[in-house]
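The values are calculated or read from the model by the stated rules, or taken from the named source; none is laboratory data. Since the structure is predicted, the reported quantities are computational estimates derived from the model, not experimental observations. When we count neighbours, we look across all protein chains shown, and the Cβ atoms used for this are built from the backbone with ideal geometry, even at glycine.
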Amino acid sequence: MTAVDRFPPLPDADMALVAALRDGLPLSHRPYADLGARVGMSEAEVLSRLSALAEAGIIRRFGAIVRHHEAGYRANAMVVLDVPDERVAEVGRTLGGEKAVTLCYRRVRAPGRWPYNLYAMVHGRDRAVVTAEVREMLARLGLARLPHDILFSTHRYKQTGGRYGRARGEA
Amino acid sequence: MTDHLDATDRAVINALQGGFPVSERPFAEAAAPLGLTEQQLIDRIADLRARGVLTRFGPLFKPEALGGEAVLCAMTVPADRFDAVAEQVNAWPEVAHNYARDHTLNMWFVVAADSPRRCREVCAEISELTGLTVLPMPKLHEFHLDLRLTA
């Protein structure tokens, strides 16, 4: 469980590395040396900075970022619940601990437009199967009586990475 | 459903969604337990990227730690404008994801920018260009995030 904390700013060198990694690691035999060449760092410096970022949890994982649709996960359900504020921490931890839930966030409501404050994503291969899984999960956890909805995606228009970091010379 | 992925594709995806080595020859190190050569692994990852199975191969950062923010936003878009509006919204490089969902709020996208201020600007710009209300749903607390999938 992680709060959405504020972090101290990273050094410019780290931000330059982050920006150079927007499209991923170079696919070469010495990728960290090649990355370093782009930002004016030695391979050793790149290795030590990236290890430190991983150690600090700023890199949350490192490897293949998979498009779930192409990996066979065609049914992508956003399960949303309206949980009383005083229960949301407990319910969030419970839902987040479920094997089927890949992501569980508390978000602000949009009063009058959108009552839900807890989001859980469930990915599966088949919409009917995912719906049944979600219904079973909510019933088993005693959450089925809370106002909730399941929003399946019907089309993906874009799925890329965020544009973080700051290349040297970028404002 | 995953018949376009062969056994090697699956092995690579399942083994390499986290913990990629930070070392001088990381592909050689990661290839060995998969029974692949360094070059075979590099070629396979390049191929998975070219086929769109991977969005990229590299680190996934915690946006807040980089001073940035990723905000989920929703809009109600008239059906006859949906594709055109999706194209307008996607033109912002800060829009990372965009999905149609079956609800009155039918367009859900993520604005990921290098500062919370830029996130708010992008939302305002999108609203102005499309003439539609953008509802931002900022994150208050993260209980769980593990998007590793089994291929």
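Taking A:R127, is it surrounded by fewer than 17 Cβ atoms within 10 Å (Cβ to Cβ), in contact (Cβ under 8 Å) with a residue 12 or more places away in the chain and either more than 8 Å from chain B (Cβ to nearest Cβ) or touching a Gly at 6+ places or on another chain (Cβ under 6 Å) (or both)? When the stated conditions are applied, A:R127 passes them.
Each row is one residue, and each column tells you yes or no for (1) surrounded by 17 or more Cβ atoms within 10 Å (Cβ to Cβ); (2) part of a helix (DSSP H, G or I); (3) assigned by TED's automatic domain parsing to the domain that holds B:S115.
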{"site": "B:N14", "(1), (2), (3)": "no, yes, no"}
{"site": "B:F20", "(1), (2), (3)": "yes, no, no"}
{"site": "B:S23", "(1), (2), (3)": "no, no, no"}
{"site": "B:E29", "(1), (2), (3)": "no, yes, no"}
{"site": "B:A32", "(1), (2), (3)": "no, yes, no"}
{"site": "B:L36", "(1), (2), (3)": "yes, no, no"}
{"site": "B:Q39", "(1), (2), (3)": "no, yes, no"}
{"site": "B:D43", "(1), (2), (3)": "no, yes, no"}
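More than 7 Å from every other protein chain (Cβ to nearest Cβ), among the acidic types (D, E) and without any contact (Cβ under 8 Å) to a residue 24 or more places away in the chain: does that describe A:E70? For A:E70, the condition - more than 7 Å from every other protein chain (Cβ to nearest Cβ), among the acidic types (D, E) and without any contact (Cβ under 8 Å) to a residue 24 or more places away in the chain - is not met. Confirm whether B:F57 is buried (at least 22 other Cβ atoms within 10 Å of the Cβ), touching a helix residue (DSSP H, G or I) at 6+ places or on another chain (Cβ under 6 Å) and part of a strand (DSSP E or B). Judged against the criteria, B:F57 is a match. The listed residues are A:V46, A:V83, and the only one of them that is in a loop (DSSP other than H, G, I, E, B) and over 21 Å from the mean Cα position of the chain (by Cα) turns out to be A:V83.
Assigned to a helix (DSSP H, G or I), in contact with a strand residue (DSSP E or B) (Cβ under 9 Å, 6 or more places away or on another chain) and among the charged types (D, E, K, R), is that true of B:E142? Judged against the criteria, B:E142 is not a match. A:P11: of a type outside the set (V, I, T) and either surrounded by 18 or more Cβ atoms within 10 Å (Cβ to Cβ) or modelled with pLDDT of 95 or more (or both), yes or no? Here the answer is no, as A:P11 does not meet what is asked.
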